[in-house]
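Down below is the structure, laid out as structure tokens.
We did not get these values from a lab; they are worked out from the coordinates using the rules stated. The model shown is predicted, which means the values in this text are computed figures rather than measured ones. In this analysis, Cβ positions are derived from the backbone assuming ideal geometry, glycine residues included, and neighbour counts consider all displayed protein chains.
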């Protein structure tokens, strides 16, 4: 049975989705790296993977998913830095499609947190979106990349409770794409 994949880098990004979809952690998967967490629903309609931050974690976790499951839709939901302080923290963007009632912005994916927006040519910045899209395009056509503005290019990762709150607050916007 084909599934909807939900990809997040951080557990706090995943927590609102885990709660909303009533997902349970699947500890039975043998060849899954200890760094990754895998969640499923009872009907096995959804598969959520939490990879950890960055390129290598994204590639390895998605390689595992696409080699072990049939995926019909892939969704990345996560936080992103923003170079424009007039954009409200908590604003949701789709970075790969124009969707009704959801903001669109391009995103730059970096391997190290940016110290400034000096060479940044996009509104948003994160550490996984480019890799998520690159890999997912090889396996499925129905792909969404949602990013919530969490900061204005701060180097530190926001607190867990703050990330959970950001993702939860924009649930009305992203839930219809699951």
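Annotations for the structure displayed:
- Relative to the longest principal axis of the Cα atoms of the chain, the long axis of helix 160-169 lies at roughly 90 degrees.
- Segment 150-176 residues near the modelled residue 115 label - backbone nitrogen below 16 Å, point 7 Å along Cα→Cβ: 153-156
- Legend: P(r) of segment 47-167 from all alpha carbon pair distances, 5 Å bins from 0, whole percents, reading 2, 11, 22, 24, 21, 13, 6, 1, 0.
- Among 165, 25, 112, residue whose mean-square fluctuation peaks in a GNM of the chain (springs only between Cα atoms under 10 Å): 112
- Mean shadow area of segment 99-178 over all directions, Cα convex hull, nm²: 6.2
- Per-residue [θ]222 nm for the chain (sum of -39500 (n - 2.57) over DSSP H runs n ≥ 4, rounded to 500): -7500 deg cm²/dmol
- Here the Gaussian network model covers the chain, with springs between Cα atoms less than 10 Å apart; of 106, 86, 136, 86 fluctuates the most.
- Calculated FRET efficiency for the pair residue 178/residue 152, C-beta based, R₀ 45 Å, to 0.05: 0.95
- Length available on full extension from residue 89 to residue 140: 0.36 nm per residue minus the Cα-Cα distance, which gives 15.3 nm.
- For the pair residue 67 and residue 22, label points projected 7 Å from Cα toward Cβ lie 3.4 nm apart.
- Cα-based convex hull, segment 1-55, per residue volume (Å³, whole number): 88
- Principal-axis tilt of helix 55-68 within the chain, Cα atoms, nearest 10 degrees: 30
- Extension gain, residue 122 to residue 160: 0.36 nm times the residue separation minus the Cα-Cα distance gives 11.1 nm.
- Tensor-based shape of segment 83-134 (alpha-carbon gyration tensor, a/c under 1.5 rounded, otherwise prolate or oblate): oblate
- Gyration tensor (alpha-carbon) shape descriptor, segment 49-98, a/c threshold 1.5: prolate
- Placing a label point 7 Å from the Cα of residue 104 along the Cα-to-Cβ line, the residues of segment 119-157 whose backbone N sits under 17 Å from it are 122-124, 142-147.
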